[in-house]
Amino acid sequence: MPAPRDQDLLVKAARLYYEEDRSQADVARILGLSRSNVSRMLTSARERGIVEVRINDPSGRDLALERRLEEHYGLRGARVADSAGPERGLTRAGDLGARWLVEQLTPGQRIGLSWGTTLQALVAQVPDDAGVADVEVVPLVGGLSSVDSAITGEELVRDLAARLGARMQRLHAPAVLTSAAGRDLLLDEPGIRDSLQAARGTDVALVGIGSTGRGSSAEIVEIPVLTAAERAAFEDAFPVGDMCARFFDAAGEPVAGPVDDRVIAVTLADLAAVPTVVGIAAGREKLPGVAGALRTGVLDVLVCDRALALALLP
């Protein structure tokens, strides 16, 4: 093997191997060396910085941020889209979420779905031929008549089931009622009761994460007919976000009371009992809601974009 000072020979071996795509046997023959010497030279070239290895992940993931999120929040998994711009972040987060789902699908699973724009982006990226045998898709929350129907639970359940070739169940009820009495009447209906029971038995729950006062999260609060005292009680609990129309505070504690008792959906406690819960969100503006969601102890996997991931980390 050449002396360490013989850098020219190391460079020549590296060019032959990496740039000209020669085999180590070819490099050894050209340089008049043994194959084992060439192997050691290539290792030395990397160690001395003559050769730098760079891996480009075509999926667009930020693996370093994923590891930091997993370690900081005790997650089983994370997917972070390495992208710039809010629209790009939303699309890429949806794509990574879809890839995660397709990779994890196994026969006999029941997949639960909430609703929201980021979850809509996930479903839209699931390929039509991604299905496996004997999969069922169920809603985790009722529909939201005052919100764009494309992002409501029933529409997303139907779309995902079609893409997977899966069975589906329906939850024929709104997500939020104007009164607690109306909610209780619907919960007495056998069909609704059975649908919620099926939702509690999901193997994988895919949930959008909302931030209070933004988008669909703002709509949830406007549907119930709240008195001034009830609205004040809700606001005094300082809710920061919601999953499945269930609000929580910055510490991840559920916000009970005059909004929660009008909701038809699984509870945060129900979600905590699901074997795998995947939260998905995009955009730095989702920081309060996602940070609170991570503190609920419900989430096992987080899918987000780079801007949100950076905001979540110290």
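Every read-out reported here was derived from the displayed coordinates using simple, explicitly stated rules and does not represent laboratory data. Keep in mind that this is a model prediction, so the values were computed, not measured. Neighbour counts are summed over all protein chains in view; Cβ atoms, including those assigned to glycine, are modelled from backbone coordinates with ideal geometry.
Taking Arg193, Arg61, Arg46 in turn, the Gaussian network model of the chain (Cα-Cα springs below 10 Å) assigns the largest fluctuation to Arg46. With contacts taken as Cα pairs under 8 Å and at least 6 residues apart, the chain reaches a relative contact order of 18 percent. A simple charge model with +1 on the Cβ of Lys and Arg, -1 on the Cβ of Asp and Glu and nothing else charged puts the dipole of region 7-47 at about 160 debye relative to its Cα centre.
Of all the options Thr202, Thr118, Thr106, the one that moves most in a Gaussian network model of the chain with Cα springs shorter than 10 angstrom is Thr106. Each label point was placed 7 Å from the Cα along the Cα-to-Cβ direction; for Glu47 and Leu63 their separation is 2.3 nm. Charging the Cβ of each Asp and Glu at -1 and of each Lys and Arg at +1, and nothing else, the dipole of region 189-314 about its Cα centre rounds to 340 debye. For the pair Phe238 and Glu285, the difference between a 0.36 nm per residue extended length and the Cα-Cα distance amounts to 15.2 nm. From the coordinates of this entry, semi-axes √(5λ) of the Cα gyration tensor in Å is computed, and it appears in (1) 51, 22, 14; (2) 25, 22, 20; (3) 33, 22, 17 under the label (1).
Of Asp129, Asp26, Asp184, the residue with the greatest mean-square motion in the GNM of the chain, using alpha carbon springs below 10 Å, is Asp26. May I ask for the net charge around Pro239, where only other residues with Cβ less than 15 Å from the Cβ of Pro239 are counted and Lys, Arg are +1 while Asp, Glu are -1? Overall, the nearby charge balance is -4.
For region 7-47, averaging the sequence separation of C-alpha pairs within contact (under 8 Å, six or more residues apart) and dividing by the residue count gives a relative contact order of 43 percent. Other residues whose C-beta falls under 12 angstrom from the C-beta of Val259 contribute a net charge of -3, scoring Lys and Arg +1 and Asp and Glu -1. Count Lys and Arg as plus one, Asp and Glu as minus one, and take only other residues whose Cβ is under 13 Å from that of Arg193; the net charge is then -2.
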